[in-house]
Amino acid sequence: MAARPSKTRGPTEEGVVRSKREQTQAETRERLLAAALRLFAADGYARVSIDRVAEEAGYTKGAFYSNFESKESAFLELLARHMARESAELSAILAGAETPPWNALERWLEGMNADADWSVLSVELGLHARRSPEFANAYRRLDSEHRGRLAELVTALFRAAGRRPTMPAEQVVSLLKALAHGLVLERRELEGRPDPAGPLIGVVLRALIESGSAE
């Protein structure tokens, strides 16, 4: 009696199946994060449930838990991604040919709040860290790392202008972040007008640099 041919998948077929599965999971994760960002920014962290995030993204609660341990873990991933993108964009500006890179920096500042969802969410992140000790530990670790990178960029910006800051670079970062968050809370309906927050931060930053001591 002839042996039946084996139905075992070969290495190539298994690799294709695994690749498709990983791609599908990555797409699901991205859709869940996009839904979480919209809902968190619109309604605040406390009022948004995992069920709502899953429904907004077009999935079940099980799909959410297949990708994230908790609502807070999704929140933290949004934060980490935003910080990495911001640092990369500012690093690219400083690495450009212009010295000091005022034109490129001012263009970046003009568009910094183009994503209205994120500007609101950034304030919500800080507020939630005050309410949740467990979340605060992870949030403060990410925030501290990001502040360190921004302080390095501020130092490089002063150096490019031939100046030294009159206060530690970390304090300059704290001042600018406080100003950015305060302007978000003060924002009124813009009705198609550009958001003034970025240009105002640029004015303050330029004044700080010009008041620095010459190298």
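The values are calculated or read from the model by the stated rules, or taken from the named source; none is laboratory data. The structure displayed is predicted, hence computed values, not measured ones. Ideal geometry is used to build each Cβ from the backbone, glycine not excepted, and the neighbour counts take in all protein chains shown. Note: areas computed on protein heavy atoms with side chains; ligands, DNA, RNA excluded. Shrake-Rupley method; radii C 1.70, N 1.55, O 1.52, S 1.80 Å.
Points worth noting:
- Surrounding net charge for SER70, when Lys and Arg each add one and Asp and Glu each subtract one, Cβ distance under 14 Å: -3
- Efficiency of FRET from Cβ geometry, THR155 and VAL123, R₀ 25 Å, rounded to 0.05: 0.40
- Scattering profile of the range 79-185 at q = 0.22 Å⁻¹ [log10 I(q)/I(0), Debye over alpha-carbon scatterers]: -1.39
- A straight chain from ARG107 to ARG206 at 0.36 nm per residue would run longer than the Cα-Cα distance by 34.2 nm.
- Potential lengthening between ARG38 and GLU72 on full extension [0.36 nm per residue; Cα-Cα distance subtracted]: 10.7 nm
- Summarising the label geometry, the points placed 7 Å from Cα in the beta-carbon direction at LYS61 and GLU89 lie 3.6 nm from one another.
- FRET efficiency, 1/(1 + (r/R0)^6) with R0 22 Å, evaluated for THR99 and ALA214 via beta carbons: 0.90
- Of the residues MET112, MET83, the one with the largest accessible area comes first in the ranking MET112, MET83, computed with a 1.4 Å probe on protein heavy atoms.
- The mean sequence separation of alpha-carbon pairs under 8 Å and at least six residues apart, normalised by the residue count of the range 47-132, gives a relative contact order of 16 percent.
- Computed on the range 61-215, with alpha-carbon pairs under 8 angstrom and 6+ residues apart, the relative contact order is 29 percent.
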